Amino acid sequence: MSPDPMQAAPAVRDGITRLAQALYQIDASPELALVRDRDQLRGRSAKVAEEAAGLVDGLWTRYPQLSEAGEQMEAARARGDRDGLARLLRDAAPLLRTLEAEADKASTLIGQLGTAWRNAVPRLDALRARLAQAAATADTLGMPGDPELAAARTVVDDVTAQATADPLGAKVDDADRVVERVEQRLSEMARTRAGIGADLDEAAKQLEELAGLIAAGRGAREAAETRIADPGGLVDPIDPAELDTGDRALRPWLTRIRAQAGAGAWPAAAKGLEQWREQAGALHARATAVAAANRAPLERRNDLRGLLDAFRAKAAIHGLAEDPALTARYKSAREALYAYRCDVRRAETLVREYGRAIELPPSGGGGA
């Protein structure tokens, strides 16, 4: 059953009124200027402006037809002409729906252009202000011609020009990330500059510790060769001259880095100190391995001394401290371990035999 045209007509008339208001709002919007001056636009923005302009022009071309139909409906409704009103509604209602959809789309497209423009301009202004602050920081750090800062400024300038011609396609987020990277790098360098004095002092301490470790490796080998009979696993000690001789020797290299920092060339000093630390770390690992290898024979002897004491205590717990055979084994093991030049392999055998003997029945009349 078809709706009563007398009841349907007011709804269509109200829709025509709302459409008129929407058209006047579009016409009065400041963003429409971007659409009207679209010859200056490029890229995605130009396409959106072209589509929006076509929609707006088409709306104003066809709206008078719809407005006239609305007036005719009012007249037919006033004189009670149901048939005439029904004929007018059949044409006006679809046209109204079409124009309403086109008005919504035109408003959306124009709004997208305006929003992109309003957002891009202040963000780019803020990026330029941040670059100015970054440039001031670079000057303070003695880096007025920093290439990364210059590259970031070029990116922001390019995006600014792009935003003027194509606000929808302007890559403001990319420019923001470039500026942020520059800010982070300069901030890190500022912290490095503030702490480079302490870092150099710490490197000097590391150098002295390294010299001590190299000396300890040499001393451990000499002690092992003197106090251990036929020590195995010993390695050649590192020559202390490695710290002082050669272009990359750590001690003169650190002196040069300190001089660079003192002369204000601290970026080069910071980079050099990073490389110095890498080489110092590698040498420290070598020296640590040498010292450990050369200490091993003496440490093994000392471990056996501790084990012998533990066995002795165990014998006492079991009431075997005075057992003659065990006492003789203990003395033999102890003499071997405390000899000026210890035969570690023989001493270990004696200690193990003493430990096993504790588990055997005593030689005398005493009981465990």
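The values are calculated or read from the model by the stated rules, or taken from the named source; none is laboratory data. Here the structure is a predicted model, which is why all the values come from computation and not from measurement. Cβ placement follows ideal geometry from the backbone for every residue including glycine, while neighbour counts extend to all protein chains displayed. Heavy atoms of the whole protein, side chains included, go into the accessibility calculation; ligands, DNA and RNA do not. Shrake-Rupley method; radii C 1.70, N 1.55, O 1.52, S 1.80 Å.
Observations
- Extending 7 Å from the Cα toward the beta-carbon at both Ala223 and Ala20 defines two label points whose distance is 10.6 nm.
- In plain terms, if you count all Cα to Cα distances in the chain and split them into 20 Å steps from zero, the share in each step is 18, 21, 18, 16, 14, 10, 3, 0 percent.
- Look at the dipole of the chain built from charges on Cβ: of Trp253, Gly264, Ala46, the Cα furthest out on the positive end belongs to Trp253.
- Residue (of Cys342, Leu283, Gly142) at the positive-pole extreme of the chain, dipole from beta-carbon charges: Cys342
- Near Cys342, the amide H atoms lying under 5 Å from its own belong to Ile228, Ala229; only residues 5 or more places off or on other chains count, and H is placed 1.01 Å from N.
- Sequence of Thr226, Thr255 from largest to smallest accessible area, 1.4 Å probe: Thr255, Thr226
- Given their separation in residues at 0.36 nm each and the Cα-Cα distance between them, Glu274 and Ala136 gain 47.1 nm when the chain is fully extended.
- Mean-position separation - Cα centroids, the range 229-297 and the range 38-70, in angstrom: 75 Å
- For the set Glu335, Glu322, Glu353, Glu202, solvent exposure ranked by accessible area (probe 1.4 Å, protein chains only) runs largest to smallest as Glu322, Glu335, Glu202, Glu353.
- Rounded to the nearest 0.05, the FRET efficiency derived from the C-beta distance between Gln184 and Ala241 at R0 = 45 Å is 0.60.
- Point-charge dipole on Cβ atoms (K/R +1, D/E -1) for the range 291-331, about Cα centre, debye to 20: 160 debye
- Using Cβ point charges alone (K and R +1, D and E -1), the dipole size of the range 1-138 about the Cα centre works out to roughly 600 debye.
- Relative contact order (%) - the chain, alpha-carbon pairs under 8 angstrom, separation at least six: 13 percent
- Taking 0.36 nm per residue of separation and subtracting the current Cα-Cα distance, fully stretching the chain between Arg128 and Lys105 would add 4.8 nm.
- Label-to-label distance, nm, for residues given as His284 and Lys205 (7 Å Cα→Cβ offset): 1.1 nm
- Leading residue at positive end of dipole, the range 139-225 (Cβ point charges), from Ala220, Ser187, Thr164: Ala220
- Helix-derived mean residue ellipticity, 222 nm - over the chain, DSSP H n ≥ 4, -39500 (n - 2.57), to 500: -29000 deg cm²/dmol
- Computed label-point distance, nm, for sites Asn302 and Arg97 using a 7 Å Cα→Cβ extension: 9.6 nm
- FRET efficiency for the Ala11 to Thr61 pair, using the beta carbon distance and R₀ = 25 Å, is estimated at 0.55.
- When only Cα pairs below 8 angstrom with a gap of at least 6 residues are kept, the range 21-151 shows a relative contact order of 30 percent.
- Dipole magnitude for the chain: computed about the Cα centre from +1 point charges on Lys and Arg Cβ and -1 point charges on Asp and Glu Cβ, it is near 1400 debye.
- Working note: Karplus 6.51/-1.76/1.60 with θ = phi - 60° gives the range 205-217 the couplings 4, 4, 5, 5, 4, 5, 4, x, 5, 5, 5, 5, x Hz, where Gly and Pro are set to x.
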